[in-house]
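As structure tokens, the structure follows; a few thoughts come after it.
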């Protein structure tokens with residue numbers, strides 16, 4: 001079963017990679033994309049002068065005049081195939097999620113425990129939660145499908161890191177983890193972390209799209225040409241964080257209770273505890289800033305991005321660079 005889990009991980013990565021490629025095809029060659037507009041745009045001088053209009057006096061026929069998609073061909077050149085690629089991307093993502101679940105199940109069966117005992121298993125769980133949350137959100141709001149390119153990219157990179165860098169053979173749980181609190185604490189922290197991981201995608205894309213709508217056309221703001229409107233991305237970012245934050249709060253509290261049962265104290269200034277608290281403070285600051293009318297939305301969103309970076313420090317940095325009671329990463 002352990003070997004099967006390792007093999008399924010490869011197929012899960014391939015599934016997410018195929019989804020990423022299909023999303024990229026829709027992103028690049030859709031009727032409203034940067035590449036699609038450039039490919040379908042007629043020769044401006046020939047069309048305008050041939051029509052008896054002075055060159056540079058207005059948009060070419062067959063294009064929209066204003067709005068965030070100004071210049072997009074109204075005839076939808078390339079859109080049917082691009083839409084097909086987008087639907088294929090969603091199917092590949094769903095298939096990869098099923099295989100991803102198989103990785104976790106077979107790993108748990110082989111270990112005869114929940115597959116959350118080290119960094120490798122934890123990252124597999126967090127990414128699976130993020131994928132499921134993305135598919136549920138996509139079912140409710142199909143218009144955000146173009147964000148799937150960045151979600152699939154994140155899954156490919158994170159699973160590749162898990163398989164190539166963080167992988168460890170199956171070992172029994174250390175005594176401190178052998179408790180019913182193991183399921184309660186790790187399940188809630190993995191769930192909230194997966195949703196916060198997903199929430200970082202619209203947060204970053206909001207900052208890019210906001211710059212694009214303000215007239216910035218240099219990289220990376222050109223990536224904002226295809227994604228939903230900035231206001232929609234900002235609302236999605238807030239809702240995901242508002243949903244995940246109470247779960248994360250409970251997970252931190254459950255960890256404190258577990259620490260008292262295992263080590264005889266609720267708080268010991270362990271590196272993992274410190275960074276978990278730092279992440280909690282930053283995310284609380286984001287929600288407070290988002291609810292404060294005087295704080296501009298880009299400023300609040302940057303706080304959310306910083307919160308995501310502190311979560312990565314808690315996941316990778318603490319286990320790799322620090323020693324503490326929470327050093328269960330399995331890395332030498």
Legend entry - Some residue of region 91-106 being over 25 Å from residue 131 (Cβ atoms) and modelled with pLDDT of 50 or more: no
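Rundown of residues vs (1) free of Cβ contacts under 8 Å to residues at least 12 places away in the same chain; (2) surrounded by fewer than 17 Cβ atoms within 10 Å (Cβ to Cβ); (3) part of a helix (DSSP H, G or I); (4) not assigned by TED's automatic domain parsing to the domain that holds residue 155, yes/no style:
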{"site": "184", "(1), (2), (3), (4)": "no, yes, yes, yes"}
{"site": "205", "(1), (2), (3), (4)": "no, no, yes, yes"}
{"site": "212", "(1), (2), (3), (4)": "no, no, yes, yes"}
{"site": "241", "(1), (2), (3), (4)": "no, no, yes, yes"}
{"site": "269", "(1), (2), (3), (4)": "yes, yes, no, yes"}
Inset, instruction - Could you check how many residues of region 111-146 are outside any helix (DSSP H, G or I) and in contact (Cβ under 8 Å) with a residue 24 or more places away in the chain? - result: 6
Inset, instruction - All but one of (1) under 21 Å from residue 8 (Cβ atoms); (2) modelled with pLDDT under 95; (3) buried (at least 20 other Cβ atoms within 10 Å of the Cβ); (4) not assigned by TED's automatic domain parsing to the domain that holds residue 228 hold for residue 112, so report the exception by its number. - result: (3)
Inset, instruction - Give 261, 291 a once-over and let me know the one that is surrounded by fewer than 19 Cβ atoms within 10 Å (Cβ to Cβ) and either over 25 Å from the mean Cα position of the chain (by Cα) or farther than 22 Å from residue 198 by Cβ (or both). - result: 261
Legend entry - Odd one out for residue 270, checked against (1) over 27 Å from residue 143 (Cβ atoms); (2) at pLDDT 85 or above; (3) touching a helix residue (DSSP H, G or I) at 6+ places or on another chain (Cβ under 7 Å): (3)
Inset, instruction - May I ask you to list the residues in region 214-234 that are surrounded by fewer than 16 Cβ atoms within 10 Å (Cβ to Cβ) and part of a helix (DSSP H, G or I)? - result: 222, 231
Inset, instruction - Identify, by number, the condition in (1) in contact with a helix residue (DSSP H, G or I) (Cβ under 7 Å, 6 or more places away or on another chain); (2) part of a helix (DSSP H, G or I) that residue 165 doesn't meet. - result: (1)
Legend entry - Residue that is in a helix (DSSP H, G or I), loosely packed, with under 14 Cβ neighbours inside 10 Å and at pLDDT 95 or above, where the choices are 305, 299: 299
Inset, instruction - Scan region 1-15 and report the pairs whose first residue is over 15 Å from residue 98 (Cβ atoms) and whose second residue is surrounded by 15 or more Cβ atoms within 10 Å (Cβ to Cβ), with Cβ atoms within less than 6 Å and a gap of 6+ or a chain change. - result: 1/106; 1/110; 2/110; 2/170
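The values are calculated or read from the model by the stated rules, or taken from the named source; none is laboratory data. Since this is a predicted model, take the numbers as computed values, not measurements. When we count neighbours, we look across all protein chains shown, and the Cβ atoms used for this are built from the backbone with ideal geometry, even at glycine.
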